[in-house]
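Structure first, commentary second.
The values are calculated or read from the model by the stated rules, or taken from the named source; none is laboratory data. Not measured: the values here are computed from a predicted model. No Cβ is skipped: glycine too gets one built from the backbone with ideal geometry, and neighbour counts run over all protein chains shown.
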Amino acid sequence: MRKELAKNYSPREFEDRIYKTWCEKKYFEPDSDEKKPAFSIVIPPPNVTGQLHMGHALDETLQDVLVRTKRMQGYSTLWVPGTDHAGIATQIKVEESLRVNEGLTRYDLGREKFLERVWDWKNQYGNRIISQLKKLGSSCDWSRERFTMDEGCSRAVREVFVNLYNKGLIYRGYRIINWCPRCLTALSDAEVEYTEQPGSFWHIRYPVKGSDEFVTIATTRPETMLGDTAVAVHPEDERYAHLVGKTLILPIVNREIPVIADEYVERDFGTGCVKITPAHDPTDFEVGARHNLPIIKVMNDDATISAEYGGKYAGMERYEARRALVSDLEEGGYLVKIEPCSHNVGTCYRCKTTVEPLTCDQWFVKMAPLAKPALEVVESGEVKFEPERFSKIYINWMENCHDWCISRQLWWGHRIPAFYCDACGHMEVSKEDITVCPKCGGALRQEEDVLDTWFSSALWPFSTMGWPDKTADLERYYPTSVLVTGYDIIFFWVSRMIFSGMEHMGKKPFSTVFIHGLVRDAQGRKMSKSLGNGIDPLKVIEEYGADALRFALATGNAPGNDMRFSDEKIESARNFANKLWNASRFVLMNLTEEDGELLTLPKDEDMTIEDKWVLSRFNSLAKTVNDNVDSYELGVALQEIYSFTWDTFCDWYIEMAKSRIFDTGAASLTAKRVLVHVLTGILKLLHPYMPFITEEIYQALPHSDESIMISAYPKFCESLVYKADEEDVERIITAITAIRARRAEMNVPPSKKAKLYVVTKYKDTFLRAAKILEKLASASEVIITDEYKSDDAVAIATDAGSLYIPLSEVIDFEKERARLLSEQKKNDGEIERIEKKLSNEGFVSKAPAQVIEGERAKLKRYLEVREALAQSLAKLG
RNA sequence: GGAGGCAUAGCUCAGUUGGUUAGAGUACUUGCUUGACAUGCAAGGGGUCACUGGUUCGAGUCCAGUUGUCUCCACCA
């Protein structure tokens, strides 16, 4: 007795079990067969202490679809998994836990003890995200799992840092950077998010020294005037030309500052006079550099006003200082007016605190030389973005990016391998830890700062494969085939991987960047913790199964576009799984023969037209699916599998095959062989999208491979094209549909059978399909005749011929006649339209032959309908 | 200020290089215990493809412009 599938589809019963088997069998590890072409992907490493969210689920699903498809297509596939140490994010979490549970700060513990705590935390939570990825069915090679701070990745980081430093591409400098006063660290430009916020425009008078004159400046940040070192006007602004070179007295502060001329000033904006605060504004910093202005830093790291330059405002928090200063200015008669305005405020991408631009010593990567090859490789198409439009976004960023601030004042991360000698002032950058100054023999201390998290993820495609060693993996799997990620991290990650790959490997890190959008909630809002509208993928898996989740994520949206996730979508996905489950159950419960008998495809001469039709249609499906996966149209591929499975296979083929299956003998065996073949084919095509259910069913069916995931992916096969049979069956389907429609219109229940008279030139087709017509078109008997005499029947005209159903008791002959006439009119209209098109000189001479052929075939069908209609109408007199 | 996306059935969205009478899911109407599935089956209704021009034998698709909407980037303080 053959193994039966459980009556109900309940994924919980088998998903974990199947995943375990796959792991035990080591199916996820690449095939060592050297003759196989290589296909590789590195995972975008999720934050090590993070939790799986819908964005991950989408990202993993798409990668797994690609990897599983390629594996089945005969590639040696490697999907490298791993996690990211996520500097700020992780440190914030551990600090928060320390604060809540022990009332301590990291400074209370000290660097070493604190880092121990972070490692503990990582060890405790690091596996959570990994096990969540497994729940999804991801076929990563877990034996190659990496972590951005493991020994190998850390070695790669040092290697890269030292190389870049030696080439002069990493430097340390006193620059203006983005500072997060909450995280107490510098941030890169990419880590600042700008939000439009309501603010005010304060107009303030600065008196001109030795005169009664004033200049009025406008600012949104009056508190920074403590650090003003000039006021700038446009060089060609006649209003202020006479003041350039004069000296102003900074109100309240009473410091003298010059009026300078600089082209950056917009004459028409504000008052046309700009206060220049080089220490607290990026453009002012540049202006200051051009004019050799002093830099007066008036803020501490926590955004309070400094003691040195703060005067009476020292120690005040920045907004408190603003209020105090404005009130003092007003009192002193310096405040002209306050204008409400809205302006862009930079915020920390981790904690949303308003960042403070300020000057300090930081480490930078010089971008211009690195950007050049990174641009070329995309512009030449060697690295392709999918969809293509994202390459423009990348190019635009790469062309305009500033030097990358890579130092972070955190403790969790790769500590910068620079060593300072306090005795002689020497600085040494070294791959190895060193303690003694090579210049003076004095003691060295290592740089306190760590590197930006993205510095190590930039190396991910090669650091995970063993670089800087020359490894077999690098040789075989680098460059990787495709990178799958969301458009939100093109700047953070994709661009940096590209220039890093070019610089350190001399090769691009991947050939294609496959970009997807965001998963939004049912109302189209971004899922976020603060809104509380996030849908937990694990809960969805628990309720509907991982396959349904994957289906819902992979279907119905185009590459690069955002998608909405809703109950409706997941239910529809689950229903599809259920449909497949039940169709398989039906097939299985009818298989009584030996496996060996069922696994061979019948001979052509034994097959019916519907057998050849379904094989031929499946063959086309295989082609469509392969083509669409090649062009990253995974949603289209899946949609095609869906409609073939549900419509073609379940609703038509199984129904057509039933009459034979329930019999015994040769015809029955033939039908079952075709059923097994096509169902197995569906399972294989679908496996990359819904790995669990397809494996569970595959194992229950007669099968030849140990697992569906290592079986061969179906592909187009010339010998399985049956064009004539396809046309025959389409005619039968047209007839059945037409009969059903007429019966439904007249409210004749399917249980009321009636004879079916067929006048057709396709006698043989209808003869062969008689059983099917009886079953699917409620025919008690199918009579093929040259002429139908009686006039008490419902007449149905199709391109396959005229069909008559004697149902005199339900027919209203007047209505029947009117309907046929209306159909005739419509049909004639179509004929006229096509004939016009075909007699159009331009169309016939310019349209491709295939299109013209299509129109002619269409015309032929309409003419056949016309004939059938005429015949039917003649019966009614 | 620059760049880009989106606008197609009541709703959510597909529609690949221009080529049948524009599709799916869902919702809706009607009928159905049809030898697996009511998480189902059958038959339906529902669209001026945002608007205006243009290119073409042919435009949802390409081009230009308009409107609405979302997003990203940017040093107008």
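Give me the residue from segment A:547-595 that is of a type in the set (D, E, K, R) and within 6 Å of RNA strand B (Cβ to nearest atom) and, out of that set, farthest from A:TYR9 (Cα to Cα). Reasoning before the result, please.
So in segment A:547-595, the residues of a type in the set (D, E, K, R) come out as A:547, A:550, A:562, A:564, A:567-569, A:571, A:574, A:579, A:585, A:593-595.
Next cut, within 6 Å of RNA strand B (Cβ to nearest atom) only: A:564, A:568, A:574, A:579, A:585.
Details: A:ARG564: 26, A:GLU568: 19, A:ARG574: 9, A:LYS579: 9, A:ARG585: 10 Å.
That would be A:ARG564.
With A:TYR722, A:TYR788, A:TYR762 as the choices, which residue is over 47 Å from the mean Cα position of the chain (by Cα) and modelled with pLDDT of 90 or more?
Working: A:TYR722 fails: over 47 Å from the mean Cα position of the chain (by Cα); A:TYR788 fails: modelled with pLDDT of 90 or more.
Only one candidate qualifies: A:TYR762.
Can you work out which of the residues in segment A:800-846 that are of a type in the set (Val, Ile, Thr) and not in a helix (DSSP H, G or I) is nearest to RNA strand B (Cβ to nearest atom)?
The residue in question is A:ILE805.
Determine, yes or no, whether A:LYS539 is free of Cβ contacts under 8 Å to residues at least 60 places away in the same chain and either farther than 21 Å from A:THR694 by Cα or within 7 Å of RNA strand B (Cβ to nearest atom) (or both). I'd like the intermediate steps shown before the answer.
Values: free of Cβ contacts under 8 Å to residues at least 60 places away in the same chain: yes; either farther than 21 Å from A:THR694 by Cα or within 7 Å of RNA strand B (Cβ to nearest atom) (or both): yes.
The answer is yes for A:LYS539.
Can you go through A:THR664, A:THR648 and tell me which one is free of Cβ contacts under 8 Å to residues at least 60 places away in the same chain, among the β-branched types (Val, Ile, Thr) and part of a helix (DSSP H, G or I)? Spell out the reasoning first.
Numbers: A:THR664 fails: part of a helix (DSSP H, G or I).
The unique qualifying residue is A:THR648.
Considering only residues that are surrounded by 15 or more Cβ atoms within 10 Å (Cβ to Cβ) and either charged (D, E, K, R) or at positive phi (or both), which ones fall in segment A:300-309? Before you say what the answer is, go through the steps one by one.
Let us first name the residues in segment A:300-309 that are surrounded by 15 or more Cβ atoms within 10 Å (Cβ to Cβ), namely A:300-301, A:303-306, A:309.
A:ASP301, A:ALA303 - these are the residues of segment A:300-309 that are surrounded by 15 or more Cβ atoms within 10 Å (Cβ to Cβ) and either charged (D, E, K, R) or at positive phi (or both).
Among the strands (runs of 3 or more DSSP E) confined wholly to segment A:407-515, which include 3 or more residues that are surrounded by 21 or more Cβ atoms within 10 Å (Cβ to Cβ)?
Values: elements: A:418-421, A:427-429, A:444-446, A:480-486.
Where strands (runs of 3 or more DSSP E) fall fully within segment A:407-515 and carry at least 3 residues being surrounded by 21 or more Cβ atoms within 10 Å (Cβ to Cβ), they are A:480-486.
Return a yes/no flag: does segment A:335-350 have any residue that is surrounded by 14 or more Cβ atoms within 10 Å (Cβ to Cβ), within 15 Å of RNA strand B (Cβ to nearest atom) and free of Cβ contacts under 8 Å to residues at least 12 places away in the same chain.
no
Scan segment A:216-239 residue by residue and report those that are over 18 Å from A:ASP281 (Cβ atoms) and β-branched (Val, Ile, Thr). It would help to see each step written out before you state the result.
Within segment A:216-239, the first condition is being over 18 Å from A:ASP281 (Cβ atoms), and the residues that meet it are A:216, A:235-239.
Result: A:THR216, single match.
Tell me, please, whether a residue that is crowded, with 18+ Cβ neighbours inside 10 Å and either without any contact (Cβ under 8 Å) to a residue 12 or more places away in the chain or touching a Gly at 6+ places or on another chain (Cβ under 7 Å) (or both) can be found in segment A:852-870.
For segment A:852-870, residues crowded, with 18+ Cβ neighbours inside 10 Å and either without any contact (Cβ under 8 Å) to a residue 12 or more places away in the chain or touching a Gly at 6+ places or on another chain (Cβ under 7 Å) (or both): present.
Can you pull out the helices (runs of 4 or more DSSP H) entirely within segment A:221-332 that have at least 3 residues that are without any contact (Cβ under 8 Å) to a residue 60 or more places away in the chain?
A:282-291, A:318-331
Would you point out the residue of segment A:59-105, among those that are among the aliphatic types (A, V, I, L, M) and not in a helix (DSSP H, G or I), that is nearest to A:ILE489 (Cα to Cα)?
Step one: list which residues in segment A:59-105 are among the aliphatic types (A, V, I, L, M), which gives A:62, A:65-67, A:72, A:78, A:80, A:86, A:88-89, A:92, A:94, A:98, A:100, A:104.
Now narrow it down to the ones that are not in a helix (DSSP H, G or I): A:78, A:80, A:86, A:104.
Details: A:LEU78: 23, A:VAL80: 19, A:ALA86: 14, A:LEU104: 34 Å.
The qualifying residue nearest to A:ILE489 (Cα to Cα) is A:ALA86.
What number of residues within segment A:351-364 are away from RNA strand B (no atom under 14 Å from the Cβ) and surrounded by fewer than 19 Cβ atoms within 10 Å (Cβ to Cβ)?
First, pick out the residues of segment A:351-364 that are away from RNA strand B (no atom under 14 Å from the Cβ): A:351, A:353, A:358-364.
Now narrow it down to the ones that are surrounded by fewer than 19 Cβ atoms within 10 Å (Cβ to Cβ): A:351, A:353, A:360-361.
So the answer is 4.
Under 7 Å by Cβ, and 6 or more places apart or on different chains, what pairs join a residue from segment A:379-400 that is part of a loop (DSSP other than H, G, I, E, B) with one that is hydroxyl-bearing (Ser, Thr, Tyr)?
Pairs found: A:VAL383/A:SER511.
Mind listing just one residue for me: the one in segment A:268-280 that is over 26 Å from A:GLY210 (Cβ atoms) and out of contact with any helix residue (DSSP H, G or I) (no Cβ under 7 Å at 6 or more places or on another chain) and, of those, nearest to RNA strand B (Cβ to nearest atom)?
First, the residues of segment A:268-280 that are over 26 Å from A:GLY210 (Cβ atoms): A:268-269, A:279-280.
Applying the additional criterion that residues be out of contact with any helix residue (DSSP H, G or I) (no Cβ under 7 Å at 6 or more places or on another chain) yields A:268-269.
Values: A:ASP268: 7, A:PHE269: 3 Å.
In this case the residue turns out to be A:PHE269.
I'd like the full set of residues that are outside any loop (DSSP other than H, G, I, E, B) and without any contact (Cβ under 8 Å) to a residue 40 or more places away in the chain, limited to segment A:780-799. Outline the logic, then answer.
First pass over segment A:780-799, keeping only residues outside any loop (DSSP other than H, G, I, E, B): A:780-784, A:793-798.
Of everything in segment A:780-799, those that are outside any loop (DSSP other than H, G, I, E, B) and without any contact (Cβ under 8 Å) to a residue 40 or more places away in the chain turn out to be A:SER780, A:GLU781, A:VAL782, A:ILE783, A:ILE784.
Return yes or no: is A:ASP59 under 30 Å from A:ALA186 (Cβ atoms), of a type in the set (D, E, K, R) and crowded, with 16+ Cβ neighbours inside 10 Å?
In short, yes.
Tally the residues that are surrounded by fewer than 22 Cβ atoms within 10 Å (Cβ to Cβ) and within 10 Å of RNA strand B (Cβ to nearest atom), restricting the search to segment A:633-680.
19
For A:VAL326, indicate whether it is crowded, with 16+ Cβ neighbours inside 10 Å and more than 45 Å from the chain's Cα centre (by Cα). Spell out how you get there, then give the answer.
Working: crowded, with 16+ Cβ neighbours inside 10 Å: yes; more than 45 Å from the chain's Cα centre (by Cα): yes.
Yes.
Consider A:HIS703 carefully, then state whether it is surrounded by fewer than 23 Cβ atoms within 10 Å (Cβ to Cβ) and either under 26 Å from the mean Cα position of the chain (by Cα) or not small (Gly, Ala, Ser) (or both). Full working, then the answer.
Details: surrounded by fewer than 23 Cβ atoms within 10 Å (Cβ to Cβ): yes; either under 26 Å from the mean Cα position of the chain (by Cα) or not small (Gly, Ala, Ser) (or both): yes.
Yes.
Got a sec? Which strands (runs of 3 or more DSSP E) wholly within segment A:156-208 have at least 3 residues that are surrounded by fewer than 21 Cβ atoms within 10 Å (Cβ to Cβ) and either of a type outside the set (Lys, Arg) or modelled with pLDDT of 95 or more (or both)? Talk me through it step by step, then tell me what you get.
Working: elements: A:170-180, A:185-187, A:192-207.
Because the criterion is at least 3 residues that are surrounded by fewer than 21 Cβ atoms within 10 Å (Cβ to Cβ) and either of a type outside the set (Lys, Arg) or modelled with pLDDT of 95 or more (or both), the strands (runs of 3 or more DSSP E) in segment A:156-208 that meet it are A:170-180, A:192-207.
Going residue by residue through segment A:310-318, is there one that turns out to be of a type in the set (Asp, Glu), over 25 Å from A:VAL192 (Cβ atoms) and either surrounded by fewer than 18 Cβ atoms within 10 Å (Cβ to Cβ) or within 16 Å of RNA strand B (Cβ to nearest atom) (or both)? It would help to see each step written out before you state the result.
Keep residues of segment A:310-318 that are of a type in the set (Asp, Glu), which gives A:317.
After this cut, where a residue has to be over 25 Å from A:VAL192 (Cβ atoms) as well, the list is none.
Checked segment A:310-318: no residue is of a type in the set (Asp, Glu), over 25 Å from A:VAL192 (Cβ atoms) and either surrounded by fewer than 18 Cβ atoms within 10 Å (Cβ to Cβ) or within 16 Å of RNA strand B (Cβ to nearest atom) (or both).
Residues checked against (1) part of a helix (DSSP H, G or I); (2) crowded, with 18+ Cβ neighbours inside 10 Å; (3) in contact with a Phe, Trp or Tyr (Cβ under 7 Å, 6 or more places away or on another chain):
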| residue | (1), (2), (3) |
| --- | --- |
| A:GLY560 | no, yes, yes |
| A:LYS569 | yes, yes, no |
| A:ASN575 | yes, no, no |
| A:TRP581 | yes, yes, yes |
| A:THR600 | no, no, no |
| A:VAL614 | yes, yes, yes |
| A:LYS623 | yes, no, yes |
| A:ASP627 | yes, no, no |
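Could you say which residue among A:PRO251, A:PRO222 is within 25 Å of A:GLU356 (Cβ to Cβ) and either within 12 Å of RNA strand B (Cβ to nearest atom) or within 47 Å of the chain's Cα centre (by Cα) (or both)?
On the way: A:PRO251 fails: either within 12 Å of RNA strand B (Cβ to nearest atom) or within 47 Å of the chain's Cα centre (by Cα) (or both).
When all the criteria are applied, what remains is A:PRO222.
Is at least one residue of segment A:536-550 under 25 Å from A:SER631 (Cα atoms) and surrounded by fewer than 21 Cβ atoms within 10 Å (Cβ to Cβ)?
no
Which residues, counting only those in segment A:736-779, are more than 11 Å from RNA strand B (Cβ to nearest atom), touching a strand residue (DSSP E or B) at 6+ places or on another chain (Cβ under 8 Å) and assigned to a helix (DSSP H, G or I)?
A:LYS763, A:PHE766, A:LEU767, A:ALA770, A:LEU773, A:GLU774, listed by residue number.
Restricting to segment A:600-618, what's the tally of residues that are in contact (Cβ under 8 Å) with a residue 12 or more places away in the chain and more than 14 Å from A:SER643 (Cα to Cα)? Break it down stepwise before answering.
First pass over segment A:600-618, keeping only residues in contact (Cβ under 8 Å) with a residue 12 or more places away in the chain: A:600-602, A:606-618.
Pick out the ones that are also more than 14 Å from A:SER643 (Cα to Cα) and you get A:600-602, A:606-613, A:615-616.
So the answer is 13.
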